[in-house]
Each structure stands twice: as C-alpha cells, then as structure tokens.
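Since the structure comes first, as structure tokens, the remarks are kept for the end.
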Amino acid sequence: MLADLVEREIKARIAEYGNPKVACIDALEVASAYYGWISDDCLRDLAALLEMTAEELEATATFYNHVYRKPIGRHVITVCDSVSCWIMGYESVRDYLMSRLGIGWGETTDDGRFTLLPIQCLGACDKAPAMMIDEELYCNLDAAKIDAILAAHL
C-alpha cells in the first residue's frame, strides 16, 4: 500500500496530464524519492494507480538509471564504463573501488553506506576515468583521489 503522501502526489500528477499512464515516470520518481527504491509491492500498487500492468511499469522502471528495484546504500557510486573511460583506466578504478569497498556491481556495503553500479556514460570523456557519487561528478580518478572522495562521504 502506497503512503498517503505518495499517492496524493501521484494523483496530482495524473490530474495534470489527464492520462494515468503518461504520469508513470513521475510516479516512479515520487515513489523513489519517498522510499529510496521500488519494491515489487510498490510497483504493483503504482501500476494499479496508473492503470498499467506491473510488467509495463517494470519495463519503464528498469530503463532508468536512478530507479532502483532493490534497496540501495546512502550513497550511490556510478562508475563510467564508456570507451573513453576504458582507455583512460576504468578497469583500475573499478577494481580499486570493488576491493576498497568489498563489494561488486549492484551490491551495497555491509554498513549500508555505498552501492556500486556501472553507468554507460557520464559525459566527462575529456576527464576520464570518471564516477559519480549521488549527483557529484569526480574525474581524472586514481587510487589516492578515490580514497579522498570516499573519506569525504563517511
């Protein structure tokens, strides 16, 4: 069952658009902001509110990078794996982060602080390799920079 605040906000968006299905991205954003992730139950409730099937909404939810289908850490680290980042040292950044945090792709640290995810491009090709923590972009990465960045998020 959706929280009253979430349901009211989504119904307001539906009223703006005049068609429930058109509000599906907004609904996913509202629910993600409130819950932090979209559980299967939440997805079903959202789909019913939007007059969609759960499968239709799932297809939309899994398309977007910032709609999470399982619990995430307080900070989400996305590491760019584009061609430019690969050439400029993506593999060493990826390996260092996985070793330092003790997690793999899609996993969250035991303390719930960080979730590690790949991302196709961060648009920082001229400053590769790059990663984001939440909405902050970090470029020209190496082990020392990564340590300093992680320390600032503890």
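The values are calculated or read from the model by the stated rules, or taken from the named source; none is laboratory data. Just so it is clear, the structure is predicted and the values come from calculations on it, not from any experiment. Methodologically, a virtual Cβ is constructed for each residue, glycine included, from the backbone with ideal geometry; neighbour enumeration extends over all protein chains shown. Ligands, DNA and RNA are stripped out before the accessible areas are found, and what is left, the full protein with its side chains, is counted by its heavy atoms. Shrake-Rupley method; radii C 1.70, N 1.55, O 1.52, S 1.80 Å.
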Would you please list the contacts, defined by Cβ atoms under 9 Å and residues six or more apart or on different chains, that run from a residue in segment 120-140 that is surrounded by fewer than 19 Cβ atoms within 10 Å (Cβ to Cβ) to a residue that is acidic (Asp, Glu)?
Gln120/Asp81; Cys121/Asp81; Cys139/Asp126
I'd like the full set of residues that are open to solvent by 80 Å² or more (accessible area, probe 1.4 Å), in contact with a strand residue (DSSP E or B) (Cβ under 8 Å, 6 or more places away or on another chain) and among the charged types (D, E, K, R), limited to segment 85-111.
Glu107
Are any residues in segment 73-84 buried (at least 18 other Cβ atoms within 10 Å of the Cβ) and of a type in the set (A, V, I, L, M), and if so, which ones?
Val76, Ile77, Val79
Looking only at strands (runs of 3 or more DSSP E) that lie completely in segment 88-145, which have at least 2 residues being hydrophobic (A, V, I, L, M, F, W, C)?
114-119, 131-133
Residue hits (segment 13-58; outside any helix (DSSP H, G or I) and not charged (D, E, K, R)) are Gly18, Asn19, Gly36, Trp37, Ile38, Ser39, Leu50, Met52, Thr53
